[in-house]
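Asker: What follows is a single structure, and I will ask about it in a moment.
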Amino acid sequence: MGQVNLIRIGRDYLNEGGSITVKSGMLAHELMKGSSIISLANAGLEGFVRASSLELDSIRVNAVSPVFVKETLEIMGVDSSAGMPVSDVAKTYKFAVEGNCHGETLDVRKFQ
């Protein structure tokens, strides 16, 4: 609920044209055994972003759905070959904040 509350409360503190970007995750669409609660949270947040965009005219709200970050996997001592460099993930967040999208979930794999 933290990210939902960020949108609900934060909207009152932004200038017109402002942007709120929250973090979803790939488990909303790519399910794994043992991920049901995380999948629920990610999919619910994405639905909230889409629905709230219909109610928020003066600001934009979007979600970014990252894959595993390479540097985080390395710190955890896990095989990082499937991870994406944080610099590539950041490009998606930059697009969400600076672009014109509204009510979208942006997949970081499309911004490489």
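Asker: In this structure, does Val67 turn out to be part of a loop (DSSP other than H, G, I, E, B), in contact (Cβ under 8 Å) with a residue 12 or more places away in the chain and among the hydrophobic types (A, V, I, L, M, F, W, C)? Full working, then the answer.
Answerer: Details: part of a loop (DSSP other than H, G, I, E, B): yes; in contact (Cβ under 8 Å) with a residue 12 or more places away in the chain: yes; among the hydrophobic types (A, V, I, L, M, F, W, C): yes.
Answer is yes for this residue.
Asker: Collect the residues in the range 99-112 that are within 18 Å of Leu14 (Cα to Cα) and in contact (Cβ under 8 Å) with a residue 12 or more places away in the chain, keeping them in residue-number order.
Answerer: Filtering the range 99-112 for residues within 18 Å of Leu14 (Cα to Cα) gives 99-103.
Asn100, Cys101, His102, Gly103 - these are the residues of the range 99-112 that are within 18 Å of Leu14 (Cα to Cα) and in contact (Cβ under 8 Å) with a residue 12 or more places away in the chain.
Asker: Further, regarding this structure: Taking the condition of being in contact with a strand residue (DSSP E or B) (Cβ under 8 Å, 6 or more places away or on another chain), surrounded by 15 or more Cβ atoms within 10 Å (Cβ to Cβ) and in a helix (DSSP H, G or I), how many residues in the range 84-96 meet it? Give the steps one after another, and end with the answer.
Answerer: Let us first name the residues in the range 84-96 that are in contact with a strand residue (DSSP E or B) (Cβ under 8 Å, 6 or more places away or on another chain), namely 84-86, 89, 92-93, 95-96.
Still in the running and surrounded by 15 or more Cβ atoms within 10 Å (Cβ to Cβ): 84, 89, 92-93, 95-96.
From what is left, the residues that are in a helix (DSSP H, G or I) are 89, 92-93, 95-96.
Summing the residues that are in contact with a strand residue (DSSP E or B) (Cβ under 8 Å, 6 or more places away or on another chain), surrounded by 15 or more Cβ atoms within 10 Å (Cβ to Cβ) and in a helix (DSSP H, G or I) in the range 84-96 gives 5.
Asker: For the range 1-31, give me each residue that is part of a strand (DSSP E or B) and polar (S, T, N, Q). Spell out the reasoning first.
Answerer: Taking the range 1-31 as the starting set, the residues that turn out to be part of a strand (DSSP E or B) are 19-23.
Scanning the range 1-31 gives Ser19, Thr21.
Asker: Considering the range 32-63 alone, what residues qualify as being touching a Ser or Thr at 6+ places or on another chain (Cβ under 9 Å) and either loosely packed, with under 13 Cβ neighbours inside 10 Å or part of a helix (DSSP H, G or I) (or both)? Let's see the steps before the verdict.
Answerer: Initially, the range 32-63 is screened for residues touching a Ser or Thr at 6+ places or on another chain (Cβ under 9 Å), giving 32, 41-43, 45-46, 49-50, 59-63.
Listed by number, the residues that qualify are Met32, Ala41, Asn42, Ala43, Leu45, Glu46, Val49, Arg50.
Asker: Follow-up question, since we're still on this one. Which condition from (1) modelled with pLDDT of 95 or more; (2) buried (at least 16 other Cβ atoms within 10 Å of the Cβ); (3) among the hydrophobic types (A, V, I, L, M, F, W, C) is the one that Leu27 breaks?
Answerer: Among (1) modelled with pLDDT of 95 or more; (2) buried (at least 16 other Cβ atoms within 10 Å of the Cβ); (3) among the hydrophobic types (A, V, I, L, M, F, W, C), Leu27 violates only (1).
Asker: Quick one: in the range 64-83, which of the residues that are among the hydroxyl-bearing types (Ser, Thr, Tyr) and touching a helix residue (DSSP H, G or I) at 6+ places or on another chain (Cβ under 7 Å) is surrounded by the fewest Cβ atoms within 10 Å (Cβ to Cβ)?
Answerer: So the first thing to find is which residues in the range 64-83 are among the hydroxyl-bearing types (Ser, Thr, Tyr), and the list is 65, 72, 80-81.
Filter again for touching a helix residue (DSSP H, G or I) at 6+ places or on another chain (Cβ under 7 Å), leaving 65, 80.
Details: Ser65: 22, Ser80: 17.
Here the answer is Ser80.
Asker: Of all residues being surrounded by 10 or more Cβ atoms within 10 Å (Cβ to Cβ) and more than 12 Å from the chain's Cα centre (by Cα) in the range 10-24, which is nearest to Gly103 (Cα to Cα)? Just the residue, please.
Answerer: Start the filter on the range 10-24 by keeping residues that are surrounded by 10 or more Cβ atoms within 10 Å (Cβ to Cβ), which leaves 10-11, 14, 18-24.
Retained after the next criterion (residues that are more than 12 Å from the chain's Cα centre (by Cα)): 10-11, 14, 18-19.
Working: Gly10: 16, Arg11: 14, Leu14: 17, Gly18: 13, Ser19: 11 Å.
For the range 10-24, the residue satisfying everything is Ser19.
The values are calculated or read from the model by the stated rules, or taken from the named source; none is laboratory data. Here the structure is a predicted model, which is why all the values come from computation and not from measurement. Cβ: placed from backbone, ideal geometry, glycine included. Neighbour counts: every protein chain shown.
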